[in-house]
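J.: Here it is: the structure, laid out below.
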Amino acid sequence: MGVTEIEPPRIEPGLCRLCVGYCPVLVTVEGGRATKVSGDPAAPLFDGYACPKGRALPDLLNGKQRLLHSMVRGADGGHSAIGFEQAIKEIASKLTGIVERHGPEAVAIYSGTGVTGFPTSAAVAKAWLDALGSPMFFSVNTIDKPGMQIAQARHGLWEAGHPAFEEADAWILVGSNPIISKTGGFPQNNPGMRLKEAVNDRGMKLIVIDPRRSEMARRAHVHLQCIPGNDPAILSALIHVIIAEKLYDEAFIDLHAEGFAALASAVAPFTPAFVAKRAGVPQQDLIEAARTFAAARAGGIFCGTGPSFATHGTLTEYLANCLTTLCGHWARAGDPLQKPNVLLPAYSARAQPIAPWPENAGRPLRVRGLRGNASGMPVAALPDEILLEGPGQIRALICLGGNPVTAFPDHKRTVEALRSLELFVVLDPEMTPTAELADYVIAPKLMLELPGTSLAMEMIKYLGHSRGIEVPYARYAPAVVDPPAGSELVADWEVFYELAREMGLPLTLVTHYGASPSPEAPPLKISFDMSRRPSSDELIEAILQNSRIPLSEVKRYPHGHIFVEVQETVQERSADCTARLQIGNKEMMAELEQIASSARPWNEDMPFLLVPRRDNRLVNSYGRGSTVLSGRQTFNPGWLNPADMRRLGLVDGDRIRIRSAHGEIVAFAEGDQSIRAGIISLTHCFGGSPDKEDDPVRDGANVAKLLSVDDDFDPVTGIPRMGALPVHIARAIN
């Protein structure tokens with residue numbers, strides 16, 4: 001009898017793509033399966049770092065929770081396996097019928113954070129929707145930080161971006177904790193190490209505005225541990241001090257900006273004394289923060305998701321831009337150009353403004369006066385666009401890498417809308433609460449089974465000037481493992497290619513470079529050959545055909561590489577440039593005047609404010625199915641200051657009932673000394689099947705049940721109050 005040879009373990013360089021940190025990793029492969037993931041010490045920039053989520057990739061790929069075949073809903077409401085080709089035929093037939101009866105706008109797509117594994121999937125999905133003739137493309141961007149793009153449109157952009165982080169003397173973080181989130185506002189290549197180098201080694205002064213003494217706040221020169229929802233007031237106080245003490249860069253403003261008088265008038269009421277009382281922070285700390293930031297030779301500011309959830313998110317982002325412009329903390333001529341393109345086309349930048357542009361240029365929606373805008377189609381309007389009968393009603397939805405049941409504000413309305421669809425298709429590797437409502441669930445390949453590049457790390461700079469990797473770094477990673485034996489998995493993008501082929505639609509992918517209006521390259525159009533489906537590698541090659549450094553050259557460096565040869569310096573302002581940055585936008589100044597006299601959002605019946613919280617184990621809801629990541633804690637505790645715990649007669653592990661004006665949930669109380677009194681902190685994107693009552697132990701608490709899309713929503717982005725939410729807390733009867 002012959003002896004079966006066992007393939008020895010091998011270690012392959014890979015690329016984690018659970019979030020936009022895109023950490024380089026080493027993957028141990030045994031028997032064709034990924035069995036271990038660790039940081040890659042040979043990769044530049046990252047110092048061998050990998051977070052708990054990345055290290056758990058083998059469990060996400062090989063765990064029992066993973067779908068290995070696509071599923072279809074039966075007459076009994078349950079799901080059973082279906083072949084991919086058959087699923088495509090059935091979905092295409094139903095979509096064709098819906099379009100024939102109701103028109104192409106009856107079909108919509110929602111793209112969630114799951115697309116980071118292969119971001120081009122969203123672009124191919126958009127290309128399919130365009131071919132169908134529907135503009136109804138929604139993305140997670142509009143319920144996360146949509147105000148960032150609106151603020152950019154209202155303020156304008158600085159063509160050369162910001163100075164190098166390594167040169168910054170001061171840095172402001174507003175409701176952001178990059179050590180946990182890894183998503184921006186701070187170098188995302190091992191942010192903990194970069195924080196230590198900046199603060200401990202070169203003396204950068206960190207200013208943190210956060211109701212919690214977060215991991216970042218512990219290293220802060222000034223920590224403004226504020227009452228939630230006061231971010232615009234605090235930034236206005238900093239601006240007030242800088243103007244009153246004439247600490248601003250007068251020469252920069254005179255040459256490059258306009259609206260100074262309007263801004264000075266609008267922030268006049270926000271004196272340090274007024275804001276200190278309103279926001280619950282020391283007056284002297286406000287003054288010190290303002291002076292520190294203004295005195296820096298170079299500095300930066302970033303606003304996290306928390307301020308966006310707390311209403312007035314656009315104003316917060318806009319004031320952050322104004323603060324940067326007041327102090328002239330933008331790259332100057334002769335400075336090294338940060339974030340020079342490697343996989344994107346080559347470009348040069350001047351030390352000059354890009355003027356503001358219209359923020360509302362998209363299709364009008366039928367609810368709350370909303371329309372497509374600089375951040376996209378407002379997701380907060382999607383459930384109502386499904387439920388509202390009449391012309392334009394959405395009747396079919398494809399959900400790509402998202403979990404609306406746990407992520408969308410207004411859980412009840414979301415579930416009602418998803419149940420009412422004529423066709424609901426979900427692309428997801430697990431049977432999430434959203435997938436349980438789907439007619440079809442397509443099981444996709446995951447990141448280690450697909451090739452990938454660092455392109456998204458370059459593209460993300462267009463979602464905010466302080467996001468992305470500053471140096472000319474690039475990386476390509478081939479697929480490391482094959483899909484599990486016996487499975488039938490496809491890349492997400494292949495679903496839309498096959499739907500187009502089955503429906504007889506042409507497919508043209510349009511890749512846009514830069515924010516509007518960008519000085520960079522014109523859009524790239526890729527027309528697919530509908531007679532032969534390309535491979536994922538071929539698709540990557542087509543998208544990168546105009547890259548500054550050829551993909552073939554990037555592939556020569558399996559651990560990634562810094563291409564110093566493309567580094568440029570910022571050029572002088574053009575003699576014919578007339579553009580100016582706008583620091584006195586009329587809408588923003590009116591909103592600032594409104595909040596100066598607004599009342600506090602809580603009352604005696606609801607004396608606590610609920611704020612969001614990141615979990616280092618999870619990317620939104622992704623990872624909850626992993627036993628490695630979840631461990632024994634499958635729920636999201638309600639974190640409270642110990643003084644509040646004592647006042648409410650609670651001890652760790654007690655069940656509490658949290659009630660808002662819109663609903664209630666049950667969670668477990670946990671003490672946290674780092675949280676300001678009067679606040680409860682909960683991680684979003686928990687909760688279970690919409691067909692069953694949530695089990696606080698198994699499912700956690702679904703914060704979306706406390707929210708309403710009608711509650712204090714932004715008139716442009718549609719994002720409602722999702723943080724700084726007034727709630728009542730009481731012990732729950734077990």
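J.: Before anything else, pin down the relative contact order of region 361-460: Cα pairs under 8 Å, at least 6 apart, normalised by residue count, whole percent.
T.: Taking the mean separation of contacting Cα pairs over the length of region 361-460, I get 19 percent.
J.: How much length is gained if the chain between Glu593 and Glu85 is pulled fully straight, taking 0.36 nm per residue apart and subtracting their Cα-Cα distance, in nm to one decimal?
T.: Taking Glu593 through Glu85 to full extension adds about 177.1 nm, to one decimal.
J.: What is the extension gain from Asp712 to Ala579, computed as 0.36 nm multiplied by their sequence separation minus the C-alpha to C-alpha distance, in nm to one decimal?
T.: 44.5 nm
J.: Please check which bits of region 266-289 a label hung off Arg600 would reach, taking the label as a point 7 Å along Cα-to-C-beta and the cut-off as backbone N under 11 Å.
T.: Under cut-off, by backbone N: 277-280.
J.: Here is a follow-up. Within a 10 angstrom radius of the beta carbon, how do His162, His465 rank from fewest other beta carbons to most?
T.: In increasing order of surrounding Cβ atoms, one gets His162, His465.
J.: Let me ask something else. How do Asp40, Asp482, Asp644, Asp249 rank when sorted from fewest to most other Cβ atoms within 10 Å of their own Cβ?
T.: Asp482, Asp249, Asp644, Asp40
J.: Something else now. When only Cα pairs under 8 Å and 6 or more residues apart are kept, what is the percent relative contact order across the chain?
T.: With pairs under 8 Å counted, the relative contact order is 19 percent.
J.: Just how far, in whole angstrom, is region 22-49 from region 257-314 if you go by their alpha carbon centroids?
T.: Value for the Cα centre distance between the two parts: 41 Å.
J.: Moving on. Quick check: net charge around Glu167, other residues with Cβ under 12 Å of its Cβ, Lys/Arg +1 and Asp/Glu -1?
T.: Surrounding charge for Glu167 is -1.
J.: Moving on to the next point. With the crude spin-label approximation of a point 7 Å out along Cα→Cβ, what separation in nm comes out for Arg556 versus Arg218?
T.: 4.4 nm
J.: I would also like to ask the following. Efficiency by 1/(1 + (r/R0)^6): what FRET value for Ser531 and Lys94, r their Cβ-Cβ distance, R0 = 30 Å, to the nearest 0.05?
T.: It comes out at approximately 0.75.
J.: Here is a follow-up. Relative contact order for region 595-734 using alpha-carbon pairs under 8 Å, separation at least 6, rounded to a whole percent?
T.: Relative contact order comes out at 34 percent.
J.: Give me the tail of P(r) for the chain as a percent: Cα-Cα pairs with distance above 43 Å.
T.: 23 percent
J.: While we're looking at this one, here's another question. Once you wrap a convex hull around the alpha carbon atoms of region 399-489, what is its projected area averaged over all directions, in nm²?
T.: 8.3 nm²
J.: Right, here's the next one. So how do Ile239, Ile562 line up by other beta-carbon neighbours within 10 Å, fewest first?
T.: Ile562, Ile239
J.: Estimate the FRET efficiency between Arg332 and Glu541 by the formula 1/(1 + (r/R0)^6), using the beta-carbon distance for r and 56 Å for R0, to the nearest 0.05.
T.: 0.90
J.: Continuing with this model, one more query. Taking Cα centroids, how far is region 590-607 from region 540-571 in Å?
T.: 50 Å
J.: A further question on this structure: Within region 1-110, list the GluC sites (Glu not before Pro) lying in a DSSP loop whose Cβ has at most 11 other Cβ atoms in a 10 Å radius.
T.: Filter output for region 1-110: Glu5.
J.: Report the dimensions of region 617-674 along its three principal axes from the alpha-carbon atoms, largest first, rounded to Å.
T.: Sorted largest first, the three principal extents are 36, 28, 18 Å.
J.: Now for a different question. Test of understanding: what is the full-extension gain from Gln65 to Ala346, defined as 0.36 nm times their sequence separation minus their Cα-Cα distance?
T.: Extra length available between Gln65 and Ala346 comes to 96.8 nm.
J.: If you keep only loop residues by DSSP, which trypsin sites (Lys or Arg not before Pro) in region 23-94 have at most 15 other Cβ atoms within 10 Å of their Cβ?
T.: Filter output for region 23-94: Lys64.
J.: Which Rg and Dmax, in Å, describe the Cα atoms of region 601-731?
T.: In order Rg, Dmax, the Cα atoms of region 601-731 give 14.5, 43 Å.
J.: Please give me the summed charge of the neighbours of Pro726: other residues whose Cβ is under 14 Å from its Cβ, Lys and Arg +1, Asp and Glu -1.
T.: Here the count lands on -2.
J.: Can you compute 3J(HN,Hα) from phi for each residue in region 466-480, using the Karplus curve 6.51 cos²θ - 1.76 cosθ + 1.60 with θ = phi - 60°, rounded to whole Hz and x for Gly and Pro?
T.: With coefficients 6.51, -1.76 and 1.60, one gets 9, 10, x, 7, 6, 8, x, 9, 8, 8, 10, 10, x, 4, 9 Hz.
J.: Between Arg202 and Glu250, how high is the FRET efficiency from 1/(1 + (r/R0)^6) when r is the Cβ-Cβ distance and R₀ = 25 Å? Nearest 0.05.
T.: The computed FRET efficiency comes out at 0.35.
J.: Based on the mean of other beta carbon atoms within 10 Å per residue, what is the order of 206-214, 673-681, most packed first?
T.: 206-214, 673-681
J.: Roughly how far apart, in whole Å, are the Cα centres of region 120-181 and region 679-726?
T.: First find each Cα centre; the distance between them is then 23 Å.
J.: Given the pairs Lys182/Lys445; Lys64/Lys445; Lys182/Lys705; Lys36/Lys64, which are separated by over 19 angstrom at their Cα positions?
T.: Beyond 19 Å: Lys182/Lys445; Lys182/Lys705.
J.: Next question, about the same structure. Mind pulling up the Rg/Rh value for region 1-111? Radius of gyration and Kirkwood radius, both on Cα.
T.: 1.16
J.: Another question, then. Arrange the peptides 531-540, 663-672 so that the one whose residues have, on average, the most other Cβ atoms within 10 Å appears first.
T.: Result, highest mean first: 663-672, 531-540.
J.: Right, another one. If each DSSP helix of 4+ residues adds -39,500 (n - 2.57) and the sum is divided by the residues in the chain, what number results at 222 nm, nearest 500 deg cm²/dmol?
T.: Helices in the chain give a 222 nm mean residue ellipticity of -7500 deg cm²/dmol.
Throughout, read-outs are computed from the coordinates displayed, never taken from laboratory work. Just so it is clear, the model here is predicted, and its values are computed rather than measured. Cβ coordinates were reconstructed from backbone atoms using ideal geometry, including for glycine residues, and neighbour counts include every protein chain displayed.
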